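Colleague: Have a look at this one before I ask anything.
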Amino acid sequence: MSQTLKAVRGTRDLLPPETALWNRIEATARNVFARYNFGEIRTPVFEDTALFARGVGEETDIVSKEMYTWSDGERFEENKMIAEWIDKNRSTQPHNVQPGRINEQGTPSFLAKLNALGVQRQVYRGIQQGQHLTGVTELVCFRPALSTDAISALVKARVLAKSDPSSQLQQGRIELRLVIPTSAPLNPWVERGDVSIEQFEGQFFASSQSLTLRPENTAGVVRSYIENKLGETGQLQKLYYIGPQFRRERPQKGRYRQFSQIGAEVIGPPSSGSESPLRDAEILEMLATLLDELGITGWTLELNSVGSAADRAGYNETLRAALVPVVGKMCADCQRRAVTNPLRVLDCKVPDDQPIIETLPVIADSLDEESRKHFAAVTAALDAAGVPYTLNHRLVRGLDYYTRTTFEFTHGGLGAQNALLGGGRYDGLSEMLGGPRAPGIGFAMGEDRLVLTLLAALDQNSAVEQKAEAFIAPLGESLNAAALILARELRHQGLWIELGEGSFRLKKSFEAADKTARHIVILGEDELKSGILTVKNFSTGIQTKVPRGELAVFLAEPPRE
Ligand code: AMP
C-alpha cells in the first residue's frame, strides 16, 4: 500500500469556514489601503538569493538559517553560442562569398518571423564549384540539445521561406542546420530528416543560479522599484502586497514555514517627501485604523528609533564594549551575538539575561540631532492624531535594513508569538541593492496571526455562524431541474442559496438544511403548479406560504430576534 501524503511540516491547508475570515481580512485591508491611496504590487514568490543576502542582511537569522534556497540547474547561454558560432564561420570579406564561410542575411521582417519560430539566423554560405562561387542559404537553429521541436521549427521555417515574398528565397536552395553544444547528448529518437546536425565546441552553460523563496517582501518591492524605475516618476510610491512568505523556522502555534503577510511600503526620491516624519505617522495611524476596522482590540504599538546607519553602527560598538564584562554570564546565543551583531542581544527572551540587558546603554543616547528631531516629529504627530504608543528602546528588529523609526504592534492574546506586525524605515535599502537614493518606510503584518487573534475573540463571543439564506429541497428527483431553476432565480437576485437533491427523503433534507441555511424552501408538484412555496425559518420554527415572486425579499430579511 502506498503511504498517504501529507502537507509538509510547517505548512497547512486553509479551509472553509476559516477562509471566509481570511477573505474578510484581505477585503478590509484592501479597502483601507485604497482610502490611504495605496496601490497593489505583486512581486514573484522567488528571487535571486543575492537579493535577500544583500537586502535583508547575511547576519540575520532569516538569511543565515531560515531561507529555502536551491540552485536552479544549468542555464543555456544561447546568445553566447550564436556569437561564437558566427565569429568562427564569418566571411572575412562581407561582400564576397568565400568557400565555406558565412554572411548573415535576411530582411528584418522575415528574420523577425524566423525568430518567432525559434530559428535564430539566416546565413548565406558560399561554396566553390570549379571556377565559380555559388552558395546556399541556411536557416539555423541553436539549441542546448537535439530536440524534435528544434527540427520542426527548422522545417516550418523552410515552408515559410518558400512562401514569404520578403524572404527572397522562393527559388533558391535552402538547407537546415541545427547547432548544439558538443557536451549535449544526442537523442537517437529524434527524426532528423534533412536537417544537418552540427556539434559545436565550447562552454555554453552558465553555472547555476541560486534562487530563494521570499522570506519577506520588502526586498522584492524595493528591487522592483529600482528595476521598473519607479523613482523616475518623481512621485511617492505607496504600494501594498498580500501574499505567502517562507521561512524554515521551528513550527509552533502562530509560527509557520509558509505564512502570509499583508504589508505596505512608502518609498520615493527624497524630493517626493519620502523622508518626512509625516509618512511614518501616516503609516502608523493607518495601521491603527486597519486593526480597529478588523475588530482587533487591545493592541499595543511599540515604538523606537534606531537612528541613521551611522548612529546604529556607533551604538553597535558602544553595545559591544558594554557587553564585554557581562556577556560571560549570558546565554549562548547572546555570547555569539555579542560578537556578530550586538544589537540582536536586545531581542533575547531568556529570563536570566533580562536584568543584565536592562543595564546596557540605550540607543536613544546614540542618536544624532537629525534622527532625534525626526523621531520627535513622528511622536508629536501620533499624539496629535490620538494614536497611543509606548516607547520601547529595545525594539531594534531583526532585519539589517532598518533606520530611524522602528515599530511593532503586539497583542496579548497571541502568547509567545505576540507580534502582529512589525516594520520601520529603511532609508539606505535602495542603495544597498544598487538603486538610487530612495528613503522608505513599511510594515509586514502576519495574516495567520490576525486570523488566530480574531478566531479567539469570535469564540469568546460565540460567533454567529455564517449560513446560506435558504436551502431548496425538491420533493423527488423529477423536481431536480425545477429546483435548479428556482435556485438560479434566487442566486441571480443576489441570495446565498444551497441546492438540495430530490432523492433525499424530507427528513434528510431538513437535517441538511438546518446545518447550512437559515430557511428551507420546499418545492413539490403542488408548489411548482401553484407558485406558492412552503418556507420554514429554522430560528423561529415558523412555516410560511410565500408566492414565488416575493420569495427573494422574504428570504433576505434578517432573522427576527
Ligand atoms: P518580520 O518580517 O519578521 O518583521 O515579520 C512580520 C510579521 O510577520 C510578524 O510580526 C508576524 O506577525 C509575521 N510572521 C513572521 N514570521 C512568521 C511565521 N513564521 N509564521 C507566521 N507569521 C509570521
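Colleague: Within segment 257-298, which residues are outside any helix (DSSP H, G or I) and away from the ligand (no atom under 14 Å from the Cβ)?
Modeller: First pass over segment 257-298, keeping only residues outside any helix (DSSP H, G or I): 257-269, 273-276, 295-298.
Within segment 257-298, Val266, Ile267, Gly268, Pro269, Gly273, Ser274, Glu275, Ser276, Gly295, Thr297, Gly298 qualify.
Let's see how each residue does on (1) assigned to a loop (DSSP other than H, G, I, E, B); (2) more than 30 Å from Gly423 (Cα to Cα); (3) open to solvent by 40 Å² or more (accessible area, probe 1.4 Å); (4) free of Cβ contacts under 8 Å to residues at least 40 places away in the same chain:
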{"site": "Lys113", "(1), (2), (3), (4)": "no, yes, yes, no"}
{"site": "Ala116", "(1), (2), (3), (4)": "no, yes, yes, yes"}
{"site": "Gly126", "(1), (2), (3), (4)": "no, yes, no, yes"}
{"site": "Val136", "(1), (2), (3), (4)": "no, yes, no, yes"}
{"site": "Leu154", "(1), (2), (3), (4)": "no, yes, no, no"}
{"site": "Ala157", "(1), (2), (3), (4)": "no, yes, no, no"}
{"site": "Gln170", "(1), (2), (3), (4)": "yes, yes, yes, yes"}
{"site": "Ile180", "(1), (2), (3), (4)": "no, yes, no, yes"}
{"site": "Gly202", "(1), (2), (3), (4)": "yes, yes, no, no"}
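Colleague: Then there is this: So which residues in segment 408-438 are under 21 Å from Ala313 (Cβ atoms) and within 13 Å of the ligand (Cβ to nearest atom)?
Modeller: Matches in segment 408-438: Gly424, Tyr426.
Colleague: Before we move on, is Glu527 farther than 30 Å from Gly220 by Cβ, in contact with a strand residue (DSSP E or B) (Cβ under 7 Å, 6 or more places away or on another chain) and among the acidic types (Asp, Glu)? Steps first, please.
Modeller: Working: farther than 30 Å from Gly220 by Cβ: yes; in contact with a strand residue (DSSP E or B) (Cβ under 7 Å, 6 or more places away or on another chain): yes; among the acidic types (Asp, Glu): yes.
In short, yes.
Colleague: Looking at segment 302-311, can you tell me whether even one residue there is within 20 Å of Lys349 (Cβ to Cβ), within 13 Å of the ligand (Cβ to nearest atom) and modelled with pLDDT of 95 or more?
Modeller: Within segment 302-311, one or more residues are within 20 Å of Lys349 (Cβ to Cβ), within 13 Å of the ligand (Cβ to nearest atom) and modelled with pLDDT of 95 or more.
Colleague: Would segment 289-307 turn up any residue that is free of Cβ contacts under 8 Å to residues at least 60 places away in the same chain and open to solvent by less than 40 Å² (accessible area, probe 1.4 Å)?
Modeller: No: zero hits.
Colleague: Is it fair to say Ala322 is open to solvent by 20 Å² or more (accessible area, probe 1.4 Å), touching a Pro at 6+ places or on another chain (Cβ under 9 Å) and away from the ligand (no atom under 16 Å from the Cβ)?
Modeller: Working: open to solvent by 20 Å² or more (accessible area, probe 1.4 Å): yes; touching a Pro at 6+ places or on another chain (Cβ under 9 Å): yes; away from the ligand (no atom under 16 Å from the Cβ): yes.
Here the answer is yes, as Ala322 does meet what is asked.
Colleague: Could you say whether any residue in segment 87-101 is open to solvent by 40 Å² or more (accessible area, probe 1.4 Å) and either part of a helix (DSSP H, G or I) or modelled with pLDDT of 95 or more (or both)?
Modeller: Scanning segment 87-101 turns up at least one residue that is open to solvent by 40 Å² or more (accessible area, probe 1.4 Å) and either part of a helix (DSSP H, G or I) or modelled with pLDDT of 95 or more (or both).
Colleague: Here's another thing I want to ask about it. Checking the condition over 30 Å from Gly434 (Cα atoms) and of a type in the set (Ser, Thr, Tyr), which residue from Ser109, Ser64 passes?
Modeller: Ser109
Colleague: Looking at Phe375, Phe443 in this structure, which one is touching a strand residue (DSSP E or B) at 6+ places or on another chain (Cβ under 8 Å) and within 11 Å of the ligand (Cβ to nearest atom)?
Modeller: Exactly one residue qualifies, and that residue is Phe443.
Colleague: Between Ser509, Ser530, which is among the polar types (S, T, N, Q), within 14 Å of Pro474 (Cα to Cα) and open to solvent by less than 80 Å² (accessible area, probe 1.4 Å)?
Modeller: Only one candidate passes the filter, namely Ser509.
Colleague: Hey, among Pro215, Pro251, which residue is within 16 Å of the ligand (Cβ to nearest atom), open to solvent by 10 Å² or more (accessible area, probe 1.4 Å) and touching a residue at least 60 places away in the same chain (Cβ under 8 Å)?
Modeller: Just a single option satisfies the conditions, and that option is Pro251.
The values are calculated or read from the model by the stated rules, or taken from the named source; none is laboratory data. Worth saying up front: this structure is predicted, and the values here are computed from it rather than measured. Every residue, glycine among them, receives a Cβ derived from its backbone with ideal geometry; neighbour counts consider all protein chains shown. Surface areas here come from the heavy atoms of the whole protein model, side chains and all, with no ligands, DNA or RNA. Shrake-Rupley method; radii C 1.70, N 1.55, O 1.52, S 1.80 Å.
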